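Asker: Pasting in a structure now, in structure tokens, and then I'll have a few things to ask.
The values are calculated or read from the model by the stated rules, or taken from the named source; none is laboratory data. Fair warning: this is a prediction, and the values are worked out from it, not measured in the lab. All Cβ positions, glycine included, derive from the backbone under ideal geometry; neighbour counts span all protein chains shown. For accessibility, only protein heavy atoms count, side chains too; no ligands or nucleic acids. Shrake-Rupley method; radii C 1.70, N 1.55, O 1.52, S 1.80 Å.
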Amino acid sequence: MESCCPCAQEKVCYQNPTSLSVLRSHFPKISCCLCLMSWRGDSINQCKILLLKSCHQLQYTIFALSSGHGRCGVAVIRTSGPASATALRGMTRLARSLPPPRTALLRSITDPQSKEVLDRGLVLWFPAPHSFTGEDSVEFHIHGGPAVISAVLQALGSVPGMRPAEAGEFTRRAFQAGKMGLTEVEGLGDLIHAETEAQRRQALRQMSGELGCLYQNWSHKLKQCLAHVEAFIDFSENELIEDGVLNQVDRSLSELLADLERHLKDERRGERLRSGVQVVIAGATNAGKSSLLNTLCQRPAAIVSPIAGTTRDIVETALDIGGFPVLLIDTAGLRESRDLVEREGVRRARERLEQADLTMVVVDCAHLLSDAQQAADVLQRHLRSVLPTQKQTLVVLNKTDLLPKEQRQKLDRELKQVSGLPPVCLISCHTNEGLQDFLAVLHRSVKNLCGDPLSCAPTLTQARHRAHLQQCFVALAQYQRYRDMDLALAAEGVRLALTSLGRITGRVGAEEILDIIFKDFCIGK
């Protein structure tokens, strides 16, 4: 393949510029489709395949219901592509002129074939490139009954050149048209799936471009460093390069390595907030673990009985604790048993304890001694038997209603003064005594695990980002390792680091990860 584009006539490229952006994600040197004329070998064949695939997809205008399914007051149906104007005219009986851009117009919605009136609603026209996808786009705001929605969708399907959209296809076209970066796309997907306030805030911040901007700044710095290193390799013998260029590169890359290391050492706060904090309820049999689960989720999610070992399997429920997502997991009571089923339950409980972000160890407070120090020693031994490693823990002393009030107050007061114990909460799942104080402590623990999504620098939210950043870190370490031995190998390290960052933002080699990202979007987005 030629190292540069022999033709700068970008205007003669295929009708939709999105095709060109697809090619550029694989062949950064391309300027226009006429470049194909000068290419040879496998590169040209691969490029033709990509171009044909892209053009085949983009010659269609897509449509879909963009609002939620089911009966509702108003439903929104969206189109994107070159036939959008034709569909708008045919279904609203507009003779020639289209409505003013981004202006709601009340019209009768008709079937372009039978001319039957299907509904009466608002239509909005978004001409390219000033639309979400960068293509001509129309929105039909209609009544949300299933029959109305079905009729309008069938009518759109009868318009030549139109087909139903695939999941995430609108956002994919927006990405390919350069309207959004890949991190913004992922932020949009997270915003659609956000179930708590903290998730919404984190997703909105990522969708606004803060994370992508951070990575783009790092990429720009790497490009500058790579250019200086390659210039030094090519021209240093001719004394055309200023003294100290490599020292400047060394400083820049050392600073970037430090920034990367800080960014990676975030204790998975962003990822945890995105997917939910795993809170495992553990302890001995009949301590009240399932009662605590039912109390927190306010429904009988788990069977409760006075028989020891009632819970055999894992019981999970999702909760919103003060705006933070929590996956609450009830487990089998930890004890030795000859019962094969109960032993399997205990094994699964131990497995979940290994994966837990936060462990709530439930203890029957009736089994504790009245002396605070002795009670603390009993708790310490119990925690060592329950927890496989040192993890963030919350001790819940349950069944306080079985103790006299004076004893409860004394135990609570004295345990708080014992050093070396994790936070201890006294509650009664039977009377709900102490529940509000316990929820406040649980909220602080969960918030500490997730962090504040609006403060400090943007955090990692995807395992994919972490993997590519770790590859970037290793590649930059390669530069430092080979800097004084082989500058060409050192430069290759910088190039690999740049490629790894590009895979996060979608600037380099995006196509192979697009399907993974967009498959999680709903139809119509």
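Asker: Out of all the residues in segment 388-407, is one or more touching a Lys or Arg at 6+ places or on another chain (Cβ under 6 Å) and either at positive phi or in a loop (DSSP other than H, G, I, E, B) (or both)?
Answerer: Checked against the condition, which is being touching a Lys or Arg at 6+ places or on another chain (Cβ under 6 Å) and either at positive phi or in a loop (DSSP other than H, G, I, E, B) (or both), segment 388-407 yields no hits at all.
Asker: Only one residue in Asp452, Asp437 is in a loop (DSSP other than H, G, I, E, B) and charged (D, E, K, R), so which one is that?
Answerer: After ruling out the rest, the residue left standing is Asp452.
Asker: Further, regarding this structure: Against the definition (out of contact with any Lys or Arg (no Cβ under 9 Å at 6 or more places or on another chain) and either of a type in the set (S, T, N, Q) or farther than 21 Å from Ala282 by Cβ (or both)), how does Asp377 come out, yes or no?
Answerer: It is false that Asp377 is out of contact with any Lys or Arg (no Cβ under 9 Å at 6 or more places or on another chain) and either of a type in the set (S, T, N, Q) or farther than 21 Å from Ala282 by Cβ (or both).
Asker: Mind counting the residues in segment 420-447 that are surrounded by 15 or more Cβ atoms within 10 Å (Cβ to Cβ) and of a type in the set (S, T, N, Q)?
Answerer: 2
Asker: Might you let me know whether segment 350-362 holds any residue that is touching a strand residue (DSSP E or B) at 6+ places or on another chain (Cβ under 6 Å), in a helix (DSSP H, G or I) and without any contact (Cβ under 8 Å) to a residue 24 or more places away in the chain?
Answerer: no
Asker: Continuing with the same structure: In segment 451-492, which residues are open to solvent by less than 20 Å² (accessible area, probe 1.4 Å), within 27 Å of Cys213 (Cβ to Cβ), of a type in the set (Gly, Ala, Ser) and out of contact with any Gly (no Cβ under 9 Å at 6 or more places or on another chain)?
Answerer: Scanning segment 451-492 gives a single hit, Ala491.
Asker: Quickly run through segment 210-260 and pick out the residues that are modelled with pLDDT under 85 and among the polar types (S, T, N, Q).
Answerer: Ser236, Asn238
Asker: Only residues that are part of a helix (DSSP H, G or I), farther than 23 Å from Thr295 by Cα and out of contact with any Asp or Glu (no Cβ under 9 Å at 6 or more places or on another chain): list them for segment 412-434, please.
Answerer: Arg413, Leu415
Asker: Does Leu394 satisfy the condition of being open to solvent by less than 50 Å² (accessible area, probe 1.4 Å) and either closer than 30 Å to Asn217 by Cβ or in contact with an Asp or Glu (Cβ under 7 Å, 6 or more places away or on another chain) (or both)?
Answerer: no
Asker: For Ser275, state whether it is open to solvent by 10 Å² or more (accessible area, probe 1.4 Å), small (Gly, Ala, Ser) and within 30 Å of the chain's Cα centre (by Cα).
Answerer: yes
Asker: Next question, about the same structure. Being over 25 Å from the mean Cα position of the chain (by Cα) and either closer than 30 Å to Ala231 by Cα or basic (Lys, Arg) (or both) is the requirement here; does Val494 meet it?
Answerer: Yes: the conditions hold for Val494.
Asker: Given the residues Arg201, Arg173, which is the only one that is more than 20 Å from Gly502 (Cα to Cα) and either among the aliphatic types (A, V, I, L, M) or in contact with a Gly (Cβ under 9 Å, 6 or more places away or on another chain) (or both)?
Answerer: Result of the check over Arg201, Arg173: Arg201.
Asker: Just the residues that are in a helix (DSSP H, G or I), open to solvent by 10 Å² or more (accessible area, probe 1.4 Å) and either closer than 30 Å to Ala477 by Cα or in contact (Cβ under 8 Å) with a residue 40 or more places away in the chain (or both), please, taken from segment 190-205.
Answerer: Matches in segment 190-205: Asp190, Ile192, His193, Glu197, Gln199, Arg201, Gln202, Arg205.
Asker: Restricting attention to segment 309-356, which residues are surrounded by 16 or more Cβ atoms within 10 Å (Cβ to Cβ) and over 26 Å from Arg299 (Cβ atoms)?
Answerer: Of everything in segment 309-356, just one residue is surrounded by 16 or more Cβ atoms within 10 Å (Cβ to Cβ) and over 26 Å from Arg299 (Cβ atoms), namely Ser337.
Here is a yes/no grid of residues against (1) more than 37 Å from the chain's Cα centre (by Cα); (2) part of a strand (DSSP E or B); (3) farther than 23 Å from Ser445 by Cα:
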{"position": "Leu319", "(1), (2), (3)": "no, yes, no"}
{"position": "Val326", "(1), (2), (3)": "no, yes, no"}
{"position": "Gly333", "(1), (2), (3)": "no, no, yes"}
{"position": "Ala376", "(1), (2), (3)": "yes, no, no"}
